[in-house]
1. Order these by the 10 Å Cβ neighbour count, fewest first: A:149, C:173.
2. Stokes-Einstein at 10 °C, 1.306 mPa s, Kirkwood radius from Cα pairs: D for the protein assembly as shown in µm² s⁻¹?
3. Could you quickly flag the chain C residue whose beta carbon comes closest to the rotation axis taking C to B, and that distance in whole angstrom?
4. Within a 10 angstrom radius of each residue's Cβ in C:190-198, how many Cβ atoms of other chains show up on average? Whole number is fine.
5. Considering only chain B, what is the antiparallel percent among its DSSP beta bridges, to the nearest 5?
6. Below 26 Å, Cα to Cα, which lysines can residue C:175 reach? Residues fewer than 8 away in the same chain don't count.
7. Between copies, how far does the label point of residue A:114 sit from its twins, in nm, shortest first, when each point is 7 Å from Cα along Cα→Cβ?
8. Give, as a single signed number, the net charge of other residues whose beta carbon lies under 14 Å from the beta carbon of residue C:4, with Lys and Arg counted +1 and Asp and Glu -1.
Amino acid sequence: MGIYVLVHGAWHDGTAWSSVVRHLESRGHKVFAPTMAGHGRGAARNVRHADCTNSIVNFIAEHSLSDVILVGHSFAGTVISKVAEAIPERLKRLVFFSAFVLQDGHGLVDEVPPPHAALFAELARDSGDNTIMIPFSIWRESFMNDADLETAKWTYGQLSPEPYEPVREKLDLKKFYSLKIARSYLYCTEDIALPPGEWGWHPRMSSRLGLYRLVQMPGSHEVIYTNPAGLAEKILEAGRD
Amino acid sequence: MGIYVLVHGAWHDGTAWSSVVRHLESRGHKVFAPTMAGHGRGAARNVRHADCTNSIVNFIAEHSLSDVILVGHSFAGTVISKVAEAIPERLKRLVFFSAFVLQDGHGLVDEVPPPHAALFAELARDSGDNTIMIPFSIWRESFMNDADLETAKWTYGQLSPEPYEPVREKLDLKKFYSLKIARSYLYCTEDIALPPGEWGWHPRMSSRLGLYRLVQMPGSHEVIYTNPAGLAEKILEAGRD
Amino acid sequence: MGIYVLVHGAWHDGTAWSSVVRHLESRGHKVFAPTMAGHGRGAARNVRHADCTNSIVNFIAEHSLSDVILVGHSFAGTVISKVAEAIPERLKRLVFFSAFVLQDGHGLVDEVPPPHAALFAELARDSGDNTIMIPFSIWRESFMNDADLETAKWTYGQLSPEPYEPVREKLDLKKFYSLKIARSYLYCTEDIALPPGEWGWHPRMSSRLGLYRLVQMPGSHEVIYTNPAGLAEKILEAGRD
């Protein structure tokens, strides 16, 4: 059975995966969902991208995991790319789940439409602690478009502000683009967290992976909440040999 | 429960929604499906776009409806945009269902591939009364690609000629683009009434809505006939708070 | 009931359709799945595109078939286009199933991304007999992304080397583009044998068909193996009047 390490996206922490973890475990897999530095209630927010990466690198090392299927959601695409550079020998496959696959030298903000990037910068400036909190209206319409209002509200209460620095920093990804680790892209067909088309997730991000496996499912950017059982099945399709 | 006003597309009249209305009512909603001026058997065809809009504006006013979820199919995207300009205070949400979201200053014919626009112009010229009737072969292959031949034929018998003037007229939509009414785009993934890609419905039309909710379902441009129960469920997903 | 002639793609032979044939026959249709010249175990590989076409033309003539619904998978899109030029009077409809619709004067290799074309040329050069065999890693990730590893391996064992000449030859398709035979495009939404986007199957290939019927289903390029029952149903939707 597989060893899965699930890395959460922006505003989330490891607990966002709890239903998905339960489903994967019930299928006999070993599953971990660590929280990155700078994330989760009460964590200090003054982190850099390398701190996020090191959280996962250290977690894998401390648990002596190998043959890891490393899944990154959304922002965590940038993290698992750097984890892959650090410990390629411990990884079996990368699964980019509605995730950023940055061009070498880019930061996340370079890969979103300019008005989004401007909003992030403004939110960070106004935050007082260089964080960004997603406005509820965007969360409800663009991230949870497949949810009812109560679910959208409840899940919004699970979020916490995202450190701005890791989404702003430009990353050297030359080594990542030289790696031969197997990779999959898992895309949800109603995901409009990035606007479909020119700035969309797929095939813009996925096509950067070279030889990759595409897996799709219906749903929004947050099927982690709206369809965790379905997501777990698709993670298995994306992660298997 | 919601108050839904369903606005039919070209060649149709309000009766096209009858199965959808039944499904929505069975879920406890108040549902109306008025027929626009110039549409339906026996109606005078010499109407302008404002006449279509006024049909809906007056219907809503006469029934004293407020908090309306206003759904426009196809051509009716141009109508609900103008209705929203006229009575924004009565509307809760706009649902563009495989619908035109015109650029300011455009008419519908400016938003279809030039050969389609040329065909419309030719049909209008040859009609004798400035109307256009969709040829059966296009209806069967491009509009009802998910139907069997009998359904395609039966539904074709439900159609009547479309006044050309409202699809030709250029519309001032500056106020529409300033409105803050919530909006959704409902797209059917096999809809080829507009050719997918450069001239497609989605994301070309949907992306003009700014912050919007995307809902998708399988099917052709005419799921109103081929899957009314499924359409009703998706209208509820698109229309809820 | 319909008369279906199913034409296999590259690396395959007629036996690839066996489960699909069984499903179609159980629905009461007459179904044939001939193997093209240069294909199948033991066949001489030094064939040209016209030999492939003639296999199908002769098969249809010898069996005195008419009103044929002619289905071509992948490479066989180029073949059914030429068959249509040769015997249009025997055909009722063309179904392009994840298939090439070549521009007039192009060969298949002109319609794939340049790195793919270069790989094909290299494989042919190194083969000793001017054939190309798809590497397993590409088969597993890009062609059978919806399969488990065992299925990917088993099906790989069913393949045989593809003659290079028919995929390289430039074809005159002027007559094809003048024909009025009804046509459908059947596309699988997770098919990445051609990379989605600029070089994708749909709408790039499908849009060349003029007035056509779109049918879609979930799955990879090889639903012929991973979902033959579902494929059979969609072939019927694509093939019916």
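Just so it is clear, none of the values below were taken in a lab; they were calculated from the coordinates. Predicted, not measured: the structure shown is a model, and the values here were computed from it. Quick reminder, even Gly has a Cβ in these numbers, built from the backbone with ideal geometry, and neighbours come from all protein chains shown.
1. Details: A:149 11, C:173 21.
Fewest-to-most ranking of A:149, C:173: A:149, C:173.
2. Details: Rh = 27.5 Å.
D, rounded to a whole number, is 58 µm²/s.
3. Result for the C and B rotation: C:189, 5.
4. Numbers: counts 7, 1, 8, 0, 0, 5, 7, 6, 2.
The per-residue average across the peptide is 4.
5. Values: 2 of 26 bridges.
Looking only at bridges with both residues in chain B, the antiparallel portion is about 10 percent.
6. Counting by Cα, and skipping residues close in sequence, residue C:175 has these lysines nearby: C:82, C:92.
7. Between copies, matching label points for residue A:114 lie 2.9, 2.9 nm apart.
8. Working: positive: C:22, C:27, C:30, C:90, C:92, C:93, C:234, C:240; negative: C:25, C:67, C:233, C:237, C:241.
Taking every other residue near residue C:4 into account, the sum is +3.
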